[in-house]
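Enquirer: Quick one: structure below, then a few questions.
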Amino acid sequence: MTATEERGPMWSFKITDNEGKRRAFAPFESDLGTIASVGSETEEPYRRRGYMTALYDMAARLAHDDKEMPGSILIQGGEEEDGMGDLLWEKIYTKPREMKVQGDFWRIRDDLYEVRE
């Protein structure tokens with residue numbers, strides 16, 4: 001998995017195989033303490049393996065720890081509101097999808113990262 005900061009407020013996260021072929025890709029746009037996906041995609045043979053969840057977990061952690069905008073949160077992007085994106089986001093909500101209210105965001109998984117003093 002890699003993360004790079006693109007031009008302006010764009011971040012790019014991806015998972016590639018050993019030959020550099022892309023398996024999953026998640027571009028994010030940041031704005032006023034939030035980041036949101038603007039077109040995430042997992043290649044067909046690699047879907048339902050947790051790749052996008054892993055990318056979103058990494059994005060949420062890096063956004064929260066961002067030096068320029070600390071405490072930023074990952075919210076659902078407009079392009080994800082239909083289709084497979086809904087299935088991914090349903091995993092993090094603690095209430096039924098039809099009760100989703102403004103302010104839901106991707107949780108930060110502290111158990112995935114080693115903290116060094």
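Enquirer: Taking amide hydrogens as modeled 1.01 Å from N in the peptide plane, which residues meet the under 5 Å criterion relative to THR34, leaving out close sequence neighbours?
Expert: Hits under the 5 Å cutoff: ILE73.
Enquirer: Right, next: THR34: net charge of surrounding residues, Cβ under 13 Å, Lys/Arg +1, Asp/Glu -1, itself excluded?
Expert: Within the 13 Å Cβ shell, the charges total -4.
Enquirer: Still on this structure: Quick one: net charge of ASP66's neighbours, Cβ under 13 Å, K/R +1, D/E -1?
Expert: On the way: positive: ARG61, LYS67; negative: GLU5, ASP31, ASP65, GLU68.
Computed value for this residue: -2.
Enquirer: Treat the count of other C-beta atoms within 10 Å as a stand-in for reagent exposure and order PHE28, PHE105, PHE13 from fewest to most.
Expert: In order of increasing Cβ crowding within 10 Å: PHE105, PHE13, PHE28.
Values quoted throughout were computed directly from the atomic coordinates according to the rules given, and no laboratory measurement underlies them. Keep in mind the model is a prediction, meaning the values are calculated, not measured. In this analysis, Cβ positions are derived from the backbone assuming ideal geometry, glycine residues included, and neighbour counts consider all displayed protein chains.
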